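Trainee: Dumping the structure here so I can ask a few things about it.
Rule-based calculations on the coordinates, nothing more; no lab input. Bear in mind the structure is a predicted one, so any value in this text is a computation, not a measurement. Reconstructed Cβ throughout: ideal geometry from the backbone, glycine too, with neighbour counts over all protein chains shown.
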2 protein chains.
Amino acid sequence: MKDIYNVGLIGFGTIGAGVVETFNRNLDLMEQKVGTKIKLKKVVDLDIETDRGIEVDKSILSTDVNDILEDPEIDIVIELIGGYEPAKSFILKALSNGKNVVTANKALLAKHWEEILETANKSNVRICFEASVGGGIPLLEPLNEGLAANRIQSIYGIINGTANYILTKMTDEGLDFEDVLKEAQEKGYAEQDPTFDIEGHDTAQKLIILTILGFGIYVEQDKFHVEGISKIKQEDIEFIKNELGYAIKLLAISRIEEGELEVRVHPTLIPQDHLLASVNDVFNGVYLVGDIVGPVMMYGQGAGMMPTASAVVGDCLDIMENMEHKNIYGPGNTEVKKIKAINEIKSKYYLRLTAIDKPGVLHTISGILSEFEISIESVTQKRQDEGQEVPIFMVTHEAIEENIQKAVGMINDLDFVEKDTLFIRILED
Amino acid sequence: MKDIYNVGLIGFGTIGAGVVETFNRNLDLMEQKVGTKIKLKKVVDLDIETDRGIEVDKSILSTDVNDILEDPEIDIVIELIGGYEPAKSFILKALSNGKNVVTANKALLAKHWEEILETANKSNVRICFEASVGGGIPLLEPLNEGLAANRIQSIYGIINGTANYILTKMTDEGLDFEDVLKEAQEKGYAEQDPTFDIEGHDTAQKLIILTILGFGIYVEQDKFHVEGISKIKQEDIEFIKNELGYAIKLLAISRIEEGELEVRVHPTLIPQDHLLASVNDVFNGVYLVGDIVGPVMMYGQGAGMMPTASAVVGDCLDIMENMEHKNIYGPGNTEVKKIKAINEIKSKYYLRLTAIDKPGVLHTISGILSEFEISIESVTQKRQDEGQEVPIFMVTHEAIEENIQKAVGMINDLDFVEKDTLFIRILED
C-alpha cells in the first residue's frame, strides 16, 4: 500500500465545492479509515476566481486540466464537469494514463458506457460512479457487491427529485402541475428548462446505469419507453389518492418478466402502503428484489451539493482501500432472452377520459374496451349537467399495453370525447 | 489472485441450509462476479443425517469441525452455529489458522468484539458479519464503506422482526399484546420463549454492532438502557395512532447529542410521515444521518433463511474480491466525550396514567409534573363514571428523563393511582 493517495478534481461547480468541503471537514476521518495520507492535490476549472463560499488553498487551483491528467503522482481523478465533452475526453485520457476515475456523470455513462468501461479495463484501473444515481445514497455498491449472491428480479426507482417534489406537492397541497413547477423553479428545485427532469430523461439515464448493475445489460436510451409527468392533472391526483388509495410516482422500472427484460420510465400508481409511496419531496428511493434476499430498499437525498459529494468521496476511499478490485458491473452471463417492447407489457391501468355527458357514452366506451379484451375493475363518473364535459375515471384489470393503446386511440377519435385520454400504469408488486 | 476459493461452513441449520441453497442456485453468477472458481468444500454439523429439504453432496458433509479448521485449502470459514461456545473457539481458531471468517453471530460479536477483532488483525485476515444485523439488508458495508466520508450523527434502527410484527398487528388489527404474541408464536414469527426478542435484548446486541460501525465505540450490553414492548397495551396503541398520529416502534438508537453518545433501546413514538413509520410487519429498517449525506435509510427482510444467507454469501464474495482489505470498522479517533446515562437524555414523552376518577386528580398530577419542570403539551381523559378507574393520556414537551422518572415515581405512589404509569419516549427528528 502507498503512503499517500493524491486526488485531482476536475470541475469546481456546486458538487465540486461539496467535495472540497468534505475534504476540509472530514479528512482526518478519511485518513484513519484508509490508513494512509490523502491529499486533494489539484482542483481544475475554467473559473478559479469566483468565491465558492468554502475554504480552499489557492495554490491547488488551476485552469489547466493537464495539471491533473499528466501528473504522474495523481492516483484518482474526480470528473464533475458533466455533459459529454470535454468530460468524455478527460475521463478517457485519465483512464489511459493509468488513473482511477470517479464521476457523477450519468449522461456520459448512459451514452458511452461501453467505451469508458473498456478503456478502464485496458489500463487496469477503476471507474466508479456511485454519485451518478441516487446522489448520496449507497446504492450501486450494495447492488453490485452486497447483493452479489442474488439474481436481481426487479428494480423500481424514484430517482428524480424534481419530479418527485412536484408530484408530492400536487398530492399534499392540491395544487396544479404548472403552479408547483413555478414554485419549484423559484426554490431552485427545478431548472428554468425543466424538460430533462419532468419528461423522464434524467430518470432514463439513471435507469440505464441501474440496468447495467442489476442485469448486466446495457440498453441505449432510445430503445425503451420514457414518459414524464406533465400530463398529470390535479383531478387525477385527487382521484388516485382519495378514491383509489394509491400514490403516484415517476418510476424507473427494470425487471425480468418470463425471461424477458422490461425497461421503462413512466408515472406509476403505487399502493399507499408500499414503501415507495413514502418516498416524498426531493428524496429518492430504490426498491429492488433479489431471488435470495427478497425486497430491499435504499432511501436518501438523491441530489444536492453535500449528499452527492458524500458518494463521490466515498468512491475515492473505496478505490484507495481496494485498488486491485476489478470493474465487474452486473452479472456477466445474463439469461435475458430479449428486451420487451412497451406494447408487450401487461399491467393494470388507470384511465381518465373526458367526454360530453350524453346518453350512450359509457356504453360506447365500454364496448371498445371489451373489443380489446380489457376488463374494467371500476368506473367513476362524477355528476354533471347533461351536455357538459365530464371526466370519467376507470381502472382496468390486467391488460396488454398494445390493446390499451389501440382502445385509447379509438376512444380519442369518438366525437363526444373532448380531450386525449390519459392512461397510467399501476404497480401491483 | 487465486484460481479457486474454498469455503467451509460450520452449522447446517436453517441459515446454513440457505447458504448451501444459494450456492446451488447462483454459483455460476458468483463465479463470474469474482472471476475464479468457488467451491463449498465442507459442511460441518453434529447432525448430518436429517434431510434439510435441499440438495447437498453427501461427500462434503462431516461431523468433525477440524475438517474445516485444519484444512489449509479452505480460505473462508462461515460460522452459523450461533451462541457463545463452541462458536467462539471455532472462530478464534479459524482466524488464528489464517482463515477469513464470515459470521451472523450477533451475540458473540456483541460480547467478544475486541478479542475477535484483535485475533483477526493479528493473522491479517478478514472478519465479516453483514448478516448479524438486518439479515439480508446491505447495511454494515454501506455504513462502513459507502458513507465513509461522513461523521455519522445518528442511527435509528427497527432491527427486530418479532417485536415489529407484534406492534404492527396491534396497530392494524386492534389486538392485545398477548393475543398477537400467541399468533406470532403459532406462525413461527416468535420463539416459545419470546423474552429475547420482545424485551429488546436481540435489538441491543445488534445496536452494539451498529455503534461500533457508526461511532467506532464498543459499548457493553449492561452499560445502556434496554426496554422492551411487553408493557404496551391496546389502549396505548389506539390513542397513539388515532389521537396523536404517531406510530410506535421498538427502536435501537445510537446518536451524538452535544458531543455525547446516546445508546438506548426502547419503544418509541415516531411521526406517521417518518419513513421508519412505514417499516412494518417482520421487516427491518435502519435510518441514519451523516454530516455530509444527510438522512439515508436501508430496508428489507431482517431475518429468515434466504435473506440472511444472501448477506452471508455476499460477505464471502466481498472477501474473495478484496482479500487485502483491512478490518477497519468505524471511525478510529472518535470525538465522543462520554456515553450519556438514560436519565440524562432529553425527550418528549407520552404518559399513560391510570387513576380513580375523583375531584383533584388532574390538579395533583399536574402539580407534580410542574414541580419537576415538565410542561404538558396535551392531556386527554376519557369520560368515565366518577369513582371508576380511568386512563389519562398525556404528552409532555421536551423534558429531562431523570425528572420524568422521579415525577412518575411520585405519581405512582398517589393513593388514587391504580397502576404503574407507562411512559414512552417520542422521536422528534
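Trainee: Report the label-to-label distance for A:N121 and B:E49 in nanometres (one decimal), using points 7 Å from each Cα along the Cα→Cβ vector.
Mentor: 5.1
Trainee: How big is the Cα convex hull of chain A in projection, averaged over all directions, in nm²?
Mentor: Numbers: hull surface 87.9 nm².
With the hull built on Cα positions only, its mean projection is 22.0 nm².
Trainee: Can you give me the Cα centroid spacing of the range B:332-355 and the range A:13-29 in angstrom?
Mentor: The range B:332-355 and the range A:13-29 have Cα centres spaced 32 Å from each other.
Trainee: What's the center-to-center distance, using Cα atoms, between the range A:396-429 and the range A:196-223 in Å?
Mentor: First find each Cα centre; the distance between them is then 25 Å.
Trainee: To continue, here is another question. To the nearest 0.05, what FRET efficiency results for A:D57 and B:K231 with a Förster distance of 45 Å applied to their C-beta separation?
Mentor: On the way: r = 57 Å, r/R0 = 1.28.
Computed FRET efficiency for A:D57 and B:K231: 0.20.
Trainee: Is there a quick way to get the dipole size of the protein assembly as shown? I mean about its Cα centre, with the Cβ of Lys and Arg at +1 and of Asp and Glu at -1; what is the value in debye to the nearest 20?
Mentor: Values: 82 positive and 144 negative charges, 299 e Å.
Using Cβ point charges on Lys, Arg, Asp and Glu, the protein assembly as shown gives about 1440 debye.
Trainee: From the backbone phi of the range A:356-367, what are the Karplus-calculated ³J(HN,Hα) couplings (6.51 cos²θ - 1.76 cosθ + 1.60, θ = phi - 60°) in whole Hz, Gly and Pro given as x?
Mentor: 6, 6, 8, x, x, 4, 4, 4, 5, 4, 5, x
Trainee: Still on this structure, I have one more. Let me make sure I get this right: for the range A:269-327, a, b and c are the square roots of the gyration tensor eigenvalues over alpha carbons, sorted descending. Under 1.5 in a/c it's rounded, otherwise prolate if a/b > b/c, else oblate. Which is it? Could the numbers behind the result be given before it?
Mentor: Details: a/c = 4.67, a/b = 1.52, b/c = 3.07.
Because a/c hits 1.5 or more and a/b fails to exceed b/c, the range A:269-327 counts as oblate.
Trainee: For the range B:4-77, which trypsin sites (Lys or Arg not before Pro) pass both filters: DSSP loop (anything but H, G, I, E, B) and at most 12 other C-beta atoms within 10 Å? Walk me through the intermediate numbers first.
Mentor: Working: sites: B:R25, B:K33, B:K37, B:K39, B:K41, B:K42, B:R52, B:K58; in loops: B:R52.
Of the trypsin sites (Lys or Arg not before Pro), not one in the loops of the range B:4-77 has a Cβ with at most 12 other Cβ atoms within 10 Å.
Trainee: Treat every Asp and Glu Cβ in the range A:4-136 as -1 and every Lys and Arg Cβ as +1, leave all other atoms uncharged, and give the resulting dipole magnitude about the Cα centre to the nearest 20 debye. Spell out each step's value before the answer.
Mentor: Numbers: 15 positive and 21 negative charges, 81 e Å.
In debye, rounded to 20, the range A:4-136 gives about 380.
Trainee: Can I ask one more? Evaluate the distance, in nm, between pseudo-label points positioned 7 Å from the Cα of A:K406 and of B:N327 along their respective Cα→Cβ axes.
Mentor: A separation of 6.5 nm, rounded to one decimal place.
Trainee: If exposed means no more than 14 neighbouring beta carbons inside 10 Å and the site is in a DSSP loop, what's the longest run of chain A without any exposed GluC sites (Glu not before Pro)?
Mentor: Working: sites that count: A:E49, A:E55, A:E70, A:E73, A:E191, A:E220, A:E258, A:E324, A:E335, A:E373, A:E386, A:E398, A:E428.
Longest stretch, sites excluded: A:74-190.
Trainee: Still on this model: By how many nm would the segment from B:E398 to B:E238 lengthen if fully extended, with 0.36 nm per residue of separation less the alpha-carbon distance? Each step should come with its number before you reach the end.
Mentor: Working: separation 160, 0.36 × 160 = 57.60 nm, distance 2.28 nm.
Length gained, B:E398 through B:E238: 55.3 nm.
Trainee: Enumerate the aspartates and glutamates that A:K33 could reach by cross-link, defined here as Cα to Cα under 16 Å, with residues fewer than 8 away along the same chain left out.
Mentor: A:D3, A:D315, A:D318, A:E321, B:E141, B:E145, B:E324, B:E335
Trainee: Indicate the gyration tensor shape class of the protein assembly as shown (rounded, prolate or oblate), computed on the Cα atoms with a ≥ b ≥ c the square roots of the eigenvalues: a/c under 1.5 is rounded; otherwise a/b larger than b/c is prolate and the rest oblate.
Mentor: Values: a/c = 1.37, a/b = 1.01, b/c = 1.35.
Taking the square roots of the gyration eigenvalues as a ≥ b ≥ c, the protein assembly as shown is rounded.
Trainee: I've got another one for you. What residues from the range B:382-405 fall in the zone where the backbone N is under 20 Å from a label point 7 Å along the Cα-to-C-beta line of B:E428?
Mentor: Answer for this model: B:394-405.
Trainee: Same structure again: Could you tell me the center-to-center distance, by alpha carbons, between the range B:239-298 and the range A:56-81 in angstrom?
Mentor: 42
Trainee: Under a point spin-label approximation (7 Å from Cα along Cα-to-Cβ), what is the B:T36-B:L414 distance to one decimal in nm?
Mentor: Each label point lies 7 Å from its Cα, and together they span 7.0 nm.
Trainee: May I ask you to evaluate 6.51 cos²θ - 1.76 cosθ + 1.60, the Karplus curve with θ = phi - 60°, for each residue of the range A:271-276 and list the ³J(HN,Hα) values in order in whole Hz, giving x for glycine and proline?
Mentor: 3J(HN,Hα) across the range A:271-276, in whole Hz: x, 4, 8, 6, 4, 4.
Trainee: I've got another one for you. Given R₀ = 35 Å, what would the calculated FRET efficiency be for B:T14 paired with B:S89, taking r from the Cβ atoms and rounding to 0.05? Display every interim value, and only then the final one.
Mentor: Numbers: r = 22 Å, r/R0 = 0.64.
Taking R0 as 35 Å, the efficiency between B:T14 and B:S89 is 0.95.
Trainee: Counting only helical runs of four or more DSSP H residues, what would the 222 nm mean residue ellipticity of chain A come to if each run contributes -39,500 (n - 2.57) and the total is spread over all its residues? Intermediate values should be presented prior to the final figure.
Mentor: Working: 12 runs with 141 residues, N = 429.
Computed ellipticity for chain A at 222 nm equals -10000 deg cm²/dmol.
Trainee: Additional query: Tell me which residues come under 5 Å, amide H to amide H, from A:V102 once H is placed; ignore anything under 5 positions away on its chain.
Mentor: A:V77, A:I78, A:E79, A:C128
Trainee: Moving on to the next point. What ³J(HN,Hα) values, in whole Hz, does the Karplus curve 6.51 cos²θ - 1.76 cosθ + 1.60 give for the range B:25-32 when θ = phi - 60°, with x put for Gly and Pro?
Mentor: 7, 10, 4, 4, 4, 5, 5, 4
Trainee: Out of all DSSP beta bridges with both ends in the protein assembly as shown, state the antiparallel percent to the nearest 5. Walk me through the numbers on the way to the answer.
Mentor: Numbers: 107 of 159 bridges.
About 65 percent, rounded to the nearest 5.
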